[in-house]
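For reference, the structure is listed below as structure tokens.
The values are calculated or read from the model by the stated rules, or taken from the named source; none is laboratory data. All values derive from a computational prediction rather than experimental measurement. Note that we place each Cβ from the backbone using ideal geometry, even for glycine, and neighbour counts take in every protein chain shown. Heavy atoms of the whole protein, side chains included, go into the accessibility calculation; ligands, DNA and RNA do not. Shrake-Rupley method; radii C 1.70, N 1.55, O 1.52, S 1.80 Å.
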Amino acid sequence: MITLIKNAEVYAPESLGKASILLVDQRIAKIGEVDEEAVKGLGIDYKIVDVDGAYAVPGFIDPHVHIIGGGGEGGFATRTPEIQLSDMIQSGITTVVGLLGTDGTTRHMTSLLAKARGLEEEGMTAFIYTGNYAVPTTTITASVKEDIILFDKIIGAAEIAISDSRSGQPSLHELAKIAGEARVGGMLSGKAGVTHFHTGPGKEYLSLLHQLLEEYELPASNLYATHITRSQELLDDAIRLANKGSYVDITADDETGEWVAYYKKNDGDMQHLTISSDGNGSLPKFDEGGKLIGFGVASTQTLYQQVIATVKNQAMSLEEVLPLVTSNTAAALKMDRKGRIQEDHDADVLILDKETLSLEHVFAKGRHMLENKKLLVKGTFEK
């Protein structure tokens, strides 16, 4: 299948100006001037989409989604549901990384793997991490390293919890062993091999990760901390960690724009910052004594909404904000064909209205998934 996207203002994520984008099967074949008549004359299936000056940007990469649900901190009835394909497509997400959270007992790694494969069959790109909050952590095989080497979908370890009453209260050496196994597994399989850390509200902040870099031979880029905006003190610590070469991730919420602006103002390394949705994860609220007092469910829609709000409300350009959900995330996870509108990259493209920045079209692996705000493709069991 060939698709020609005409008259777009292309952000790759840097501005490329007005151009056409030619998608051939699952790849971007050309950016620039494309002979429309030549495309029509090839004698194969084609589609012409004239976006008339709208913005074309890379599909979003969400590195933190509970694709089989999460939660359960308030009992069995508080387990959150599985994600649906349409949730992510309508959020502009074309690549997702799934993970477990607190529960590694009734949520299984094999189920996570099966869900990722199902999402691929439905039309998007999906990967997963091995592990959960606990240390020793949940795996399919005997180790984190073997999981990463033996399963194509597994690219690292997560969601290893620190600074949280729900963590396995790991020692520094236990964390080093997980991060070391993830790194070697990644090296031997050509994957990221990152360890993605859940950061709780505890006053240790990211001190364990700083100690890992100081006391063990681990590259900073293999450590990837999330939930870094629980407090200003935690974000300050995350800025220090990012400036050492690690990646840090903001969980999208109503204050994301303000946090991004603070991070930038305080000299955080913008190339090492990402934003994720925590989609379908639970949002528990605890009092000072650790008692659960309420909970909600995170939505992938928040990611798209907050990216746009950051552009509109923080005097930041698309060129500044888009990398936080595209090229930076691709770099953190070593996804060489993702995160950019570039020839021979995967054909993951979003079309945004130039005035409102609303999501008009979504192409995932070259397939038209959302057209003029209407879903063309839904999950297998979606009505």
Scan of segment 239-269 for residues that are part of a helix (DSSP H, G or I), open to solvent by less than 10 Å² (accessible area, probe 1.4 Å) and either closer than 24 Å to Q301 by Cβ or among the charged types (D, E, K, R) (or both), ordered by number: T256, G257, V260, Y263
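Rundown of residues vs (1) closer than 24 Å to S165 by Cβ; (2) not small (G, A, S), yes/no style:
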site: Y247; (1), (2): no, yes
site: I250; (1), (2): yes, yes
site: D253; (1), (2): yes, yes
site: W259; (1), (2): yes, yes
site: G268; (1), (2): no, no
site: T274; (1), (2): no, yes
site: S282; (1), (2): yes, no
Can you tell me which residue in segment 83-104 is nearest to D147 (Cα to Cα), limited to those that are at pLDDT 95 or above and open to solvent by 40 Å² or more (accessible area, probe 1.4 Å)? Q84
Picking from G75, G32, the residue that is of a type outside the set (V, I, T) and under 30 Å from S167 (Cβ atoms) would be G75
Determine whether segment 305-327 contains at least one residue that is open to solvent by 10 Å² or more (accessible area, probe 1.4 Å) and under 17 Å from K365 (Cβ atoms). no
Go through E217, E204 for me and flag whichever is touching a residue at least 40 places away in the same chain (Cβ under 8 Å) and either open to solvent by 30 Å² or more (accessible area, probe 1.4 Å) or at positive phi (or both). E204
Per the filter on segment 311-341, residues part of a helix (DSSP H, G or I), under 16 Å from D62 (Cβ atoms) and not small (G, A, S) are V321, L322, P323, L324, V325, N328, T329
Condition check: among the charged types (D, E, K, R) and at pLDDT below 95. Does K203 satisfy that? yes
From the residues in segment 105-123 that are closer than 15 Å to I140 by Cα and without any contact (Cβ under 8 Å) to a residue 40 or more places away in the chain, which one is most open to solvent (accessible area, probe 1.4 Å)? T105
Evaluate segment 65-83: report whether one residue or more is within 27 Å of T130 (Cβ to Cβ), among the β-branched types (V, I, T), in contact with an Asp or Glu (Cβ under 8 Å, 6 or more places away or on another chain) and in a strand (DSSP E or B). yes
Just need a number here: residues in segment 245-298 that are over 17 Å from the mean Cα position of the chain (by Cα), aliphatic (A, V, I, L, M) and modelled with pLDDT of 95 or more. 1
Can you tell me which residue in segment 270-289 is nearest to M88 (Cα to Cα), limited to those that are assigned to a loop (DSSP other than H, G, I, E, B) and of a type outside the set (S, T, N, Q)? D278
Boolean, K291 is closer than 29 Å to R107 by Cα and either open to solvent by 30 Å² or more (accessible area, probe 1.4 Å) or in contact (Cβ under 8 Å) with a residue 24 or more places away in the chain (or both): yes
Answer from A142, A134 - the residue that is more than 12 Å from I67 (Cα to Cα), of a type in the set (G, A, S) and open to solvent by 60 Å² or more (accessible area, probe 1.4 Å): A142
Only one of these is in a loop (DSSP other than H, G, I, E, B) and charged (D, E, K, R): E355, E360. Name it. E355
Does V39 meet the test of being under 20 Å from D346 (Cα atoms), of a type outside the set (F, W, Y), open to solvent by less than 70 Å² (accessible area, probe 1.4 Å) and part of a helix (DSSP H, G or I)? yes
Of the listed residues (V377, V349, V362), the one being among the hydrophobic types (A, V, I, L, M, F, W, C), at pLDDT 95 or above, open to solvent by 10 Å² or more (accessible area, probe 1.4 Å) and farther than 23 Å from V260 by Cα is V377
Can you say whether G53 is on the phi > 0 side of the Ramachandran plot, surrounded by fewer than 24 Cβ atoms within 10 Å (Cβ to Cβ) and without any contact (Cβ under 8 Å) to a residue 24 or more places away in the chain, as far as the supplied structure shows? no
